[in-house]
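Computed from the coordinates by the stated procedures, all read-outs in this text should not be read as laboratory data. In this text the structure is predicted, and so the values were computed from the model without any measurement. Neighbour counts run over all protein chains shown; Cβ positions are idealised from the backbone, glycine included.
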Amino acid sequence: MADKIQQDHNAPVLVIGLGRFGASVAGQLVKQGREVLAIERNPDLVQKWSGLLTHVVEADATNIEALRQLGAQEFSSAVVGVGTSIESSVLITVNLVDLGIEHLWVKAITPSHGKILTRIGANHVIYPEADAGVRTAHLVGGRMLDFIEFDDGFAIVKMYPPKETQGFTLAESQVRAKYGVTIVGVKTPGEDFTYAQPNTKVTHRDVLIVSGHTELLERFAARP
């Protein structure tokens, strides 16, 4: 089983559409050492990315025969970054489902678009603009440095420590009892990340990794 997980983790990925989102995903995958086959019908974008990604092919992914000829059915994971046309996005997704690709990450423009994608078989629907907007709103306050929210309202944040935690151990500041959030770890500049213990002392230079319900995290991060 471990070998299967490792093999899937390193398996090549099919990326369709090299706009900002698709190109960003493809570029990051290549940085992580993953092999990428990118399909794009705009010849200018194909030329732009041909020397930077593993394989870049000019083709129309709304044509299932074109996908078959490129061996799309051999991939277990695919990302659809097409966003300018909902019709194209849906057609491409249907093609990939029909080809039996197991894991599909598809960019959605609107909630209704996302609902259609889910119904036709996309098991990972992504809203890049909306997600980025929500994340930015949480970061604007200044104390949070990063914010990741899950579907059930649970989140993990990286943040500066409120003054009431500085100079105290976690047992002394009683953050969980007061605010209902959990300090998972503490990162001091120049030192290794450490998982939080009751005797971990927080300084003004530290960065905290904190988990909990979004509203409770917001309340904790709002402390001076």
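For Val184, the residues whose modelled amide H falls within less than 5 Å of its own, excluding neighbours fewer than 5 places apart on the same chain, are Ile209, Val210, Ser211. Result for the chain in a Gaussian network model with C-alpha springs under 10 Å: among Glu149, Glu164, Glu129, the largest mean-square fluctuation is at Glu164.
Potential lengthening of the chain between Asn123 and Val57 amounts to 21.3 nm, from the contour at 0.36 nm per residue minus the alpha-carbon distance. In the chain, taking the dipole from charged Cβ atoms about the Cα centre, the farthest positive-side position among Gly190, Val80, Ile116 is held by Gly190.
If R0 is taken as 45 Å, the Cβ-Cβ distance between Val134 and Asn199 corresponds to a FRET efficiency of 0.80. Counting every C-alpha pair in segment 1-144, the share spaced more than 21 angstrom apart comes to 44%. Only the Cβ atoms of Lys and Arg (+1) and of Asp and Glu (-1) were treated as charged; on that basis the dipole of segment 132-221 about its Cα centre amounts to roughly 280 debye. By the rule of a C-alpha distance below 12 Å, with chain neighbours fewer than 8 residues away ignored, the aspartates and glutamates paired with Lys178 are Glu164. Whole-Hz Karplus values for segment 48-56 come out as 4, 9, 4, x, 10, 10, 4, 9, 10 Hz, taken residue by residue from phi with 6.51 cos²θ - 1.76 cosθ + 1.60 and θ = phi - 60°; glycine and proline positions read x. With contacts taken as Cα pairs under 8 Å at a separation of at least 6 residues, the chain carries a relative contact order of 13 percent.
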